[in-house]
Amino acid sequence: MPEPLLALRGVSKVYARDGAPVRALDGVDLDIAAGEYVALTGASGSGKSTLLHILGCLDRPDQGSYRFAGTEIASLRPDALARQRRAVGFVFQAFHLLPRLSAVDNVALPLRYSGVAPAVRRARAVEVLRRVGLGDRLEHRPGELSGGQQQRVAVARALVGAPSLLLCDEPTGNLDSRSGVEVIELLEELWREGCTLIVVTHDPGLAARARRRVSMRDGRVVGVAEQER
Amino acid sequence: MAGLRESLAELGHELRQQRLRALLSLSGVAWGTLSILLLLAFSVGFAELFARRQQGLGTGIAIAWPSRTTKAWQGLPPGRRIRPTHDDIRALALAVPGLEALSAEFVAGERLQVGARVLRVELSGVDPEFGRLRQLEPRPGGRFLNAADQDGRRRVVFLGDDLARSLFGADEPVGRTLLLREAPFTVVGVLRTKEQDSDYGALDEDRAFVPAATFADVYGTRLVNNFVYRAADPARQEACTDRIVQALAARLRFDPTDRGALGLWDTTEEQRMVATIFLAFHVVLGMAGVFTLLAGGVGIANLMFLLVRRRTSEIGLKLAVGARPAQVRREVLVQTLVLVGAGGTAGAVLAAGAVALARSGPWIAETGVPRIPTALGAGAALLLLAVGVLAGWFPARRAAGLDPAEALRE
């Protein structure tokens, strides 16, 4: 049986909050194969965002093992961890676009750190923005775009490095329902093209669209359900 | 570097948001640079003026004059006057290795006459080497006394520039004749104007010099008043003096260890002392400037800490999309260096302008001509680089050490 793209074994993460330790993840075991579409659900504070950060190499487990495409993440030094992040596309609820930059410069940002020449960066960013339907908004700044358009820019930024894994943290949380559907359809299109898609959400409707639903509570995985559509 | 242009655009954007603070921080560095360069430029100018005046007497020379013995020697009592002749002094050139130049000097107060003008001056009879030893450079068109003058016992004279003016007015003195003890002497050269802050008898600008052999003839004397010498290696001056005393002691019969038999003015000692004093002066002024610049650096470091704090979320995003901590660190460091460089350049331009203005002021006769030597410019640039690295290092380290997940939550 081939090794899963992502494999977590006994992963725990403890934070200090107001001096007291808070166990955000508690012995999580989870495998996610390449090309899967997974929804991570759970109440606020259940640990799903922490799990997403660990999956995206933004954070490292305090205990347990996390292997990404066969690489043990806990053993990576900061620079290697940064390089590993380039294989991941992140979409955040708050978009995290830089307000002073145009759409195309926001999208090109990740390429700045991978040694891509400026002209190539821009060409790729333009291509991806066209792909998400914003070919006519290249020079617009985030403040000049609607919420849905901003999230499309964020999706384009996640895609520009051609990642194998797309992680979305409440991607529709700040959008009206129409824009939300447009964004999730865009993400699913990318999944159908072969990208592994993991979405954190508390929207049951959105969670129901995934092929697998992982439920969390108090830092533990309390249920994994395969879903048919 | 990854995205230098973008990184500088980010800095420009942030500075526009923090105009006053940025201006104050840049002013701190500019002021520090200005302080270092101005203080040291004036200090260098003053030191050079002082050295020029000091060396007007001669660089690294010693002047010795016969005195009385202080020790008994071979049955002779102490307190005996020693009387070296021109031959005794000339013999030192062979007896003392390591001497670079040596000249005897006869001295007399004498009246010089040109037409109706009569002036009483200090007249020296010297060897040709005297000109080189005592910085007696001739004005164009003239020369100092030479070996042919000495050998031929020629009646020629070299005049101090002030004396020449007093005797000949605006006329060119070279080739003209003056009367010395009613004998005609031809002027062969006039001293080029020089700075001189010390003398024995009179400043060179007011003196007249004739060949030592001519002097001996005219005055019927063989006994020199003093002699001037310089060691080839300044560090061996003291040893040369010992050998001179020994050589003279052998010829004039006194104790070879009796240093008191000769009066001695070794200018290398005071030139060394003055050099040390000016070095300390440069260091103190330089340190004052360095501390001002460091204070400016602290201002820049504070500004960079503020910018890093304001951009925490942005830095978190950069880390999240794959920026290596080293790349983030380098960005902040380069931004700091650009800031420090801009402040330093402003300070350097102001300093260069102020120095250029000061160089043409009437005060330079007393303060010297301020200048920014290349080494000072290079030193200031290196110092700015060090201040930039120091000021940027800690904010850069903080930025690179941010936890991306935490930073994104800001």
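The values are calculated or read from the model by the stated rules, or taken from the named source; none is laboratory data. The structure presented is a predicted model; accordingly, all values stated were derived computationally and were not measured. No Cβ is skipped: glycine too gets one built from the backbone with ideal geometry, and neighbour counts run over all protein chains shown.
Take region B:364-410 and flag every residue that is of a type in the set (D, E, K, R) and either part of a loop (DSSP other than H, G, I, E, B) or within 14 Å of chain A (Cβ to nearest Cβ) (or both).
The first filter runs over region B:364-410 and keeps only residues of a type in the set (D, E, K, R), leaving B:366, B:371, B:397-398, B:403, B:406, B:409-410.
Passing the criteria: B:ARG371, B:ARG397, B:ASP403, B:GLU406, B:ARG409, B:GLU410.
For region A:82-98, name all the residues that are part of a helix (DSSP H, G or I) and crowded, with 22+ Cβ neighbours inside 10 Å.
Within region A:82-98, the subset part of a helix (DSSP H, G or I) is A:82-85.
Answer for region A:82-98, where residues must be part of a helix (DSSP H, G or I) and crowded, with 22+ Cβ neighbours inside 10 Å: A:ALA82, A:ARG85.
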Fill in: Count - residues of region A:177-217 that are in a loop (DSSP other than H, G, I, E, B) and either without any contact (Cβ under 8 Å) to a residue 24 or more places away in the chain or in contact with a helix residue (DSSP H, G or I) (Cβ under 7 Å, 6 or more places away or on another chain) (or both)
2
Worksheet entry | Residues that are in a helix (DSSP H, G or I) and within 32 Å of the chain's Cα centre (by Cα), drawn from region B:156-170 | B:ASP161, B:ASP162, B:LEU163, B:ALA164, B:ARG165, B:SER166
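B:GLU6 - would you say it is within 14 Å of chain A (Cβ to nearest Cβ) and free of Cβ contacts under 8 Å to residues at least 40 places away in the same chain?
Details: within 14 Å of chain A (Cβ to nearest Cβ): yes; free of Cβ contacts under 8 Å to residues at least 40 places away in the same chain: yes.
Criteria met by B:GLU6.
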Worksheet item: Just checking, how many residues over region A:76-105 are within 19 Å of A:THR196 (Cβ to Cβ) and more than 10 Å from chain B (Cβ to nearest Cβ)?
Response: 1
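From A:LEU175, A:LEU167, A:LEU197, A:LEU187, grab the single residue that is among the hydrophobic types (A, V, I, L, M, F, W, C), under 22 Å from A:LYS48 (Cβ atoms) and modelled with pLDDT under 85.
Working: A:LEU167 fails: modelled with pLDDT under 85; A:LEU197 fails: modelled with pLDDT under 85; A:LEU187 fails: modelled with pLDDT under 85.
After ruling out the rest, the residue left standing is A:LEU175.
Give B:ALA352, B:ALA356 a once-over and let me know the one that is surrounded by fewer than 21 Cβ atoms within 10 Å (Cβ to Cβ), closer than 25 Å to B:LEU383 by Cα and in contact (Cβ under 8 Å) with a residue 40 or more places away in the chain. Before you say what the answer is, go through the steps one by one.
Working: B:ALA356 fails: in contact (Cβ under 8 Å) with a residue 40 or more places away in the chain.
After ruling out the rest, the residue left standing is B:ALA352.
Can you confirm whether B:ARG19 is within 13 Å of chain A (Cβ to nearest Cβ) and free of Cβ contacts under 8 Å to residues at least 12 places away in the same chain?
Numbers: within 13 Å of chain A (Cβ to nearest Cβ): no; free of Cβ contacts under 8 Å to residues at least 12 places away in the same chain: yes.
In short, no.
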Practice prompt. Scan region B:395-410 and give yes if some residue there is under 32 Å from the mean Cα position of the chain (by Cα) and modelled with pLDDT under 95, otherwise no.
Written response: no
Fill in: Selected residue [part of a loop (DSSP other than H, G, I, E, B), more than 14 Å from chain B (Cβ to nearest Cβ) and either within 17 Å of B:SER313 (Cα to Cα) or touching a strand residue (DSSP E or B) at 6+ places or on another chain (Cβ under 7 Å) (or both)] from A:PRO171, A:PRO163
A:PRO171
Fill in: helices (runs of 4 or more DSSP H) wholly inside region B:236-337 containing at least 2 residues that are touching a helix residue (DSSP H, G or I) at 6+ places or on another chain (Cβ under 8 Å), more than 19 Å from B:THR33 (Cα to Cα) and away from chain A (no Cβ under 14 Å)
B:237-252, B:267-310
Practice prompt. Give the residue, chosen from B:LEU293, B:LEU317, B:LEU333, that is touching a His at 6+ places or on another chain (Cβ under 6 Å) and either in contact (Cβ under 8 Å) with a residue 40 or more places away in the chain or more than 30 Å from B:SER198 (Cβ to Cβ) (or both).
Written response: B:LEU317
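Considering A:SER114, A:SER46, which residue is polar (S, T, N, Q), away from chain B (no Cβ under 14 Å) and touching a residue at least 12 places away in the same chain (Cβ under 8 Å)?
A:SER46
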Discussion item. With out of contact with any Leu (no Cβ under 7 Å at 6 or more places or on another chain), surrounded by 18 or more Cβ atoms within 10 Å (Cβ to Cβ) and over 28 Å from A:ALA43 (Cα atoms) as the only criterion, which of A:LEU175, A:LEU129, A:LEU134, A:LEU206 stands out?
Written reply: A:LEU134
Worksheet entry | Subset of region A:23-48 [surrounded by 20 or more Cβ atoms within 10 Å (Cβ to Cβ), of a type outside the set (A, V, I, L, M, F, W, C) and at negative phi] | A:TYR37, A:THR41, A:SER46, A:LYS48
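So that you can scan it fast, the table gives a plain yes or no per residue for (1) assigned to a loop (DSSP other than H, G, I, E, B); (2) basic (Lys, Arg); (3) surrounded by fewer than 19 Cβ atoms within 10 Å (Cβ to Cβ); (4) not assigned by TED's automatic domain parsing to the domain that holds B:THR221:
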site	(1), (2), (3), (4)
B:PHE130	no, no, no, no
B:GLY141	yes, no, yes, no
B:ARG154	yes, yes, yes, no
B:VAL188	no, no, no, no
Worksheet item: With respect to the numbered conditions (1) touching a strand residue (DSSP E or B) at 6+ places or on another chain (Cβ under 9 Å); (2) exposed (fewer than 15 other Cβ atoms within 10 Å of the Cβ); (3) away from chain B (no Cβ under 14 Å), which one is the sole condition not fulfilled by A:ASP18?
Response: (1)
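Given the criteria facing another protein chain (nearest Cβ under 9 Å), at pLDDT 90 or above and more than 18 Å from B:LEU319 (Cβ to Cβ), does A:ARG121 qualify?
Values: facing another protein chain (nearest Cβ under 9 Å): yes; at pLDDT 90 or above: yes; more than 18 Å from B:LEU319 (Cβ to Cβ): yes.
When the stated conditions are applied, A:ARG121 passes them.
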Worksheet item: When A:ARG137 is evaluated against the numbered criteria (1) touching a helix residue (DSSP H, G or I) at 6+ places or on another chain (Cβ under 6 Å); (2) within 11 Å of chain B (Cβ to nearest Cβ), which criterion, by number, is the only one it fails?
Response: (2)
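Restricting attention to region A:50-63, does a residue exist that is away from every other protein chain (no Cβ under 14 Å) and surrounded by fewer than 17 Cβ atoms within 10 Å (Cβ to Cβ)?
yes
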